[in-house]
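J.: Following this message is one structure expressed as structure tokens.
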Amino acid sequence: MLKGKRVIVTGASTGIGEQIAYHLAQMGSHLLITARTEAQLQQVVAHCLELGAASARYINGSMEDMKFAQAVVKKAEELWGGLDMLILNHIGNSYFHYFNRDIEHVQKLLNINFLSYVTMSVSALPMLKNSGGNIVVVSSLAGKIGFPLTVPYSATKFAVQGFFNSLRQEFVMQNINVSITVCILGLINTESAMKVVSGTVTIPSAPKEECALEIIKGGILRQREIYYKYMFTKIPTLLRDWAPELMDYVIRKSFNVDNLNED
Ligand code: NDP
């Protein structure tokens, strides 16, 4: 279903985004990937071409800058004259410890993790309307339930889900044929996540390759939300409303703050 489709993947230099790019390459899609680190993007593009991508290009820059977010979509328009799928996956670096009252960090993370998602969606909407395409938003259980040690990150994920779940309602009311899939992920074994939570989190991690495939499937099947892995995301989300204090307790208990890594 994705052969020949034109797809933007953000945050594709590493982790889940990189794996999404490889799956799409194997499916024969046209790819435009983005992140900040050019050398890494060059390697991912080269591998995508080896795997069979119809085409693979990159554009590097920071999503802290909304002009860059717009430029990525513009590049897709110049390359392909249209767009079938927009996969919003990047996140800015955030700390893993108690909230340090750094408002500038909250602002910066909101720009990268939330406002750039909105900016890219707005820019891409005319092309996505033409193709009857998909917006796929990678989020987290931390955007459903308040998480300790990641307060600013969790806030940005709540913002993302609030925006895209509301926008989906308006698309239906206005007969706009663009699907919005919000992906609720549990802990995934990407290098960056494993480094951050090492020794602190007792929850098992799931494989990034399988996670990436589930995200793509959710998008192409136009699912409202996907939960990966189900057991560690859907069940806590259901319990959140039925037994909020119990759920908060279970979440707190899954963090071993004695081993907190202050980096
Ligand atoms: P990674 O840290 O591996 O990848 C993050 C990507 O974003 C990289 O490509 C990075 O590249 C890019 N990036 C970082 N800062 C910026 C910036 N300022 N502007 C543009 N791009 C930037 O993350 P994961 O693969 O672990 O996570 C991917 C998604 O999955 C995220 O949305 C995350 O919230 C979600 N998720 C992940 C979980 C996990 O356990 N791994 C759990 C729940 C959700 P570069 O540094 O070169 O810019």
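The values are calculated or read from the model by the stated rules, or taken from the named source; none is laboratory data. Here the structure is a predicted model, which means the values were calculated and not measured. No Cβ is skipped: glycine too gets one built from the backbone with ideal geometry, and neighbour counts run over all protein chains shown.
J.: Hey, can you tell me all the residues within the stretch 69-109 that are free of Cβ contacts under 8 Å to residues at least 40 places away in the same chain and hydrophobic (A, V, I, L, M, F, W, C)?
T.: Hits for the stretch 69-109 are Ala71, Ile103.
J.: Moving on. Filter the strands (runs of 3 or more DSSP E) completely within the stretch 1-120 down to those with at least 1 residues that are modelled with pLDDT under 95 and within 16 Å of the ligand (Cβ to nearest atom). Show your work before the answer.
T.: Numbers: elements: 6-10, 30-35, 55-60, 85-88.
Ranges flagged: none.
J.: Consider Gly186 carefully, then state whether it is closer than 14 Å to Ile145 by Cβ and in contact with a strand residue (DSSP E or B) (Cβ under 9 Å, 6 or more places away or on another chain).
T.: So Gly186 fits the description; yes.
J.: For the stretch 76-84, indicate whether the set of residues that are under 25 Å from Val182 (Cα atoms), under 16 Å from the mean Cα position of the chain (by Cα) and surrounded by 15 or more Cβ atoms within 10 Å (Cβ to Cβ) is non-empty.
T.: The first filter runs over the stretch 76-84 and keeps only residues under 25 Å from Val182 (Cα atoms), leaving 76-77, 82-84.
Restricting the remaining residues to those that are under 16 Å from the mean Cα position of the chain (by Cα) gives none.
Looking through the stretch 76-84, none of the residues is under 25 Å from Val182 (Cα atoms), under 16 Å from the mean Cα position of the chain (by Cα) and surrounded by 15 or more Cβ atoms within 10 Å (Cβ to Cβ).
J.: Show me the helices (runs of 4 or more DSSP H) entirely contained within the stretch 201-263 in which 3 or more residues are of a type in the set (Gly, Ala, Ser).
T.: Values: elements: 208-220, 230-242, 244-253.
Per the criteria, 208-220.
J.: Right, Val160: in a helix (DSSP H, G or I), surrounded by fewer than 19 Cβ atoms within 10 Å (Cβ to Cβ) and among the aliphatic types (A, V, I, L, M) or not?
T.: Numbers: in a helix (DSSP H, G or I): yes; surrounded by fewer than 19 Cβ atoms within 10 Å (Cβ to Cβ): no; among the aliphatic types (A, V, I, L, M): yes.
No; evaluated as a whole, the condition is false for this residue.
J.: Count, please, the residues in the stretch 191-214 that happen to be within 7 Å of the ligand (Cβ to nearest atom), surrounded by fewer than 19 Cβ atoms within 10 Å (Cβ to Cβ) and in contact (Cβ under 8 Å) with a residue 24 or more places away in the chain. Outline the logic, then answer.
T.: Initial filter on the stretch 191-214 (within 7 Å of the ligand (Cβ to nearest atom)): 191-193, 205, 208.
Filter once more, keeping what is surrounded by fewer than 19 Cβ atoms within 10 Å (Cβ to Cβ): 191-193, 205.
Among the residues that remain, those that are also in contact (Cβ under 8 Å) with a residue 24 or more places away in the chain are: 191-193.
Going through the stretch 191-214 one residue at a time, the tally reaches 3.
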